[in-house]
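A quick write-up on the structure given underneath.
The values are calculated or read from the model by the stated rules, or taken from the named source; none is laboratory data. Computed from a predicted model, the values in this text were never measured in an experiment. Glycine gets a Cβ as well: all are built from the backbone with ideal geometry, and neighbour counts include every protein chain shown.
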Amino acid sequence: MFVGPTLSRPEPQLAVPGVRVWPPVRHGDLFADVIRGGDTAVIIDGVYHQASALRHKEILAAMGRGVVVIGAASIGALRAAELAAFGVLGVGSIYAAYARGDTVGDDEVAVGQAPDGQWEALTWPVVNLRHVLQLAVSAGVLNGERAAGLLTVLRAVYYPQRTTAAVRAACRRQGETEFATWLAERREQDRHFGDLKRADALAAVRTAFSGRAPRAVFRPSPSVWESTYFRRWSNAFARDRVDGLELFAEDRLVYQQVFDPAFRKTWVAYLEHRSLHPSDGGLGLPLAERLAQVTGGGLPADRVFHPMVDLRDETTVALLLADESELDRQAVARYADALARERRSRPGFSTAAVRDDLTRRLLLRIWQCPERHFDAEASARGLVSEARAVAAAKRLVPGLLDELDGTTDRTEATCDGR
């Protein structure tokens, strides 16, 4: 279950045996190997401001593995409405409003969250404000016109600033002190008063445990989610525990491509495998024969064929990392730690900020090849071109600079000035 500000951790429903509570969902979370076919993923809360939001194709791919997906209350309701036709089960009134088109904006469920990992909601979402105003109309505290005007004023407040104090201030400015007093009294009696998101989230939990959630009868086919972007995402999040180290497969591959002098042969062996076993199920041919059909044999295979690597495929990983040693894996971990330290010490830092010219010089130094041969060397190592080699190798630069014993100024070296 992916939940944060909508339900607090002490909720009894979250302490049921068999429930795994994860923080608000973000891009990449559904790639986790612990989420398997037969599991039910309940999506309540998610992030989208401070990190990349959960993509639709990640949900479809999880369903393709046999995972049942239930969505409610927040981003879960939004994604369920968007993917209902593919079998995502939406629960609650917020989901229903999205599905009917009565609610359309993702800002309707957005809240400011505590930055300390507790995921406490600090502000009011529009869906809860609208619900409270409807309750006030039913109680005779407001009429429909005044409620609509107050909602317009409150939703104009930027969502991270829509605190309880801000709501009270907006009510006073509108002359709606009676409503503000009424709301404060109700909240004092019941701190969850008017919390529509919480009610929907609890309904989703009950649905997950009631047995009413359908099993994964309909599984989307790979054609629904497979794309170049999806493959990049799946590669970026593929990881394994090896030698006691949690390592990303892409980091391990890039390290071999950059540092293994014999990786040219490894890449040819991989191209041979792909030629004999095409991913589209077509006719398998020896690489030399396929190359002759395409070019007459005038170009090396790495210059002609650029298959997209699937790092979630065990055979592919075994082929590409066939010559990886324990020392290599330890180095990968060191380089990943160096990159993580750089990110922590320089807020907003990303590998894109690493200078192209610095990365290029480091690669030329490692490969010991003339500048005019750089593009060919990158291609032979499966990096396609000079530009892609530079982009891939940027993740290694902080670690490489560590190994230079401080002889290069880190800030100047890793910032491109943009």
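Structure summary
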item	result
Complete set of residues in the range 102-155 that are in contact (Cβ under 8 Å) with a residue 12 or more places away in the chain and of a type in the set (D, E, K, R)	106, 107, 108, 120, 130, 146, 155
Within the range 1-12, considering residues that are closer than 15 Å to residue 76 by Cβ and not β-branched (Val, Ile, Thr), the one modelled with the highest pLDDT	2
Any pair with Cβ under 6 angstrom, 6 or more apart, that starts in the range 59-87 at a residue that is at negative phi and in contact (Cβ under 8 Å) with a residue 24 or more places away in the chain and ends at one that is of a type in the set (Asp, Glu) and buried (at least 23 other Cβ atoms within 10 Å of the Cβ)	72/200; 74/45
Breaking point among (1) in the same structural domain as residue 45 (by TED's automatic domain parsing); (2) in a loop (DSSP other than H, G, I, E, B), for residue 98	(2)
Pairs where the first residue, in the range 350-362, is over 13 Å from residue 396 (Cβ atoms) and the second is among the β-branched types (Val, Ile, Thr), C-beta under 8 Å, 6+ apart	353/414; 355/414; 356/390
Qualifying positions in the range 308-321 - exposed (fewer than 13 other Cβ atoms within 10 Å of the Cβ) and among the hydrophobic types (A, V, I, L, M, F, W, C)	308, 318
Qualifying residue in the range 214-233 (condition: more than 22 Å from residue 86 (Cα to Cα) and not assigned by TED's automatic domain parsing to the domain that holds residue 328)	yes
Hits in the range 325-341 - residues which are surrounded by 11 or more Cβ atoms within 10 Å (Cβ to Cβ), out of contact with any Leu (no Cβ under 9 Å at 6 or more places or on another chain) and of a type in the set (D, E, K, R)	334, 337, 341
Selection from the range 227-262 of residues that are surrounded by fewer than 17 Cβ atoms within 10 Å (Cβ to Cβ), of a type in the set (D, E, K, R) and closer than 23 Å to residue 27 by Cα	231, 232, 240, 241, 246
Selection status of residue 33, surrounded by fewer than 16 Cβ atoms within 10 Å (Cβ to Cβ) and either modelled with pLDDT of 95 or more or more than 23 Å from residue 127 (Cβ to Cβ) (or both)	yes
Filter result (in a helix (DSSP H, G or I) and farther than 30 Å from residue 240 by Cβ) within the range 270-329	288, 289, 290, 291, 292, 293, 294, 295, 303, 304
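Residues are listed down the side, and each one gets a yes or a no for (1) more than 16 Å from the chain's Cα centre (by Cα); (2) among the aromatic types (Phe, Trp, Tyr); (3) under 21 Å from residue 234 (Cβ atoms):
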{"residue": "59", "(1), (2), (3)": "no, no, yes"}
{"residue": "81", "(1), (2), (3)": "yes, no, no"}
{"residue": "89", "(1), (2), (3)": "yes, no, no"}
{"residue": "95", "(1), (2), (3)": "yes, yes, no"}
{"residue": "99", "(1), (2), (3)": "yes, no, no"}
